[in-house]
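Okay, so here's the structure we're looking at.
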Amino acid sequence: MDQQEAKEAMIALGLSEPKAAELARKHDATFLLDRIDYVTHQVESSRKGSFKNPPVTSSASLRANRRFRTTSRQVADARP
């Protein structure tokens, strides 16, 4: 995973290009993709109409619930 992939994923969620580029410079790509995984889960599991601003939540999720089992954490836990 690279920073460009993380940046593109954030843009696809609705973050502005400058904000996505800033976050991609500041954080590891795996960390960012894990946060995107978390936000996507939150949006998909919320009641329709109750999730108003996924891009803002994406930025806020950098401080999100550390107990959420992201895809990369699941893969790491499955390794012997």
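Here, each number is a calculation from the coordinates, and none is a lab measurement. Only a predicted model underlies this, so the values are computations on that prediction, with no experimental measurement involved. When we count neighbours, we look across all protein chains shown, and the Cβ atoms used for this are built from the backbone with ideal geometry, even at glycine.
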When ranked by the protection proxy of mean other Cβ atoms within 10 Å per residue, highest first, what sequence do the peptides 36-42, 25-31, 15-21 form?
-> 36-42, 15-21, 25-31
For the range 11-36, list residues with backbone N below 13 Å from a point placed 7 Å from the Cα of E44 toward its Cβ?
-> 36
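If neighbour count is taken as other Cβ atoms inside 10 Å, put V75, V43 in order from fewest to most.
V75, V43
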Backbone HN-Hα couplings from phi across the range 19-36 [Karplus 6.51/-1.76/1.60, Hz, Gly and Pro as x] = 5, 4, 5, 4, 5, 5, 6, 7, 10, 5, 4, 4, 4, 5, 5, 5, 5, 5
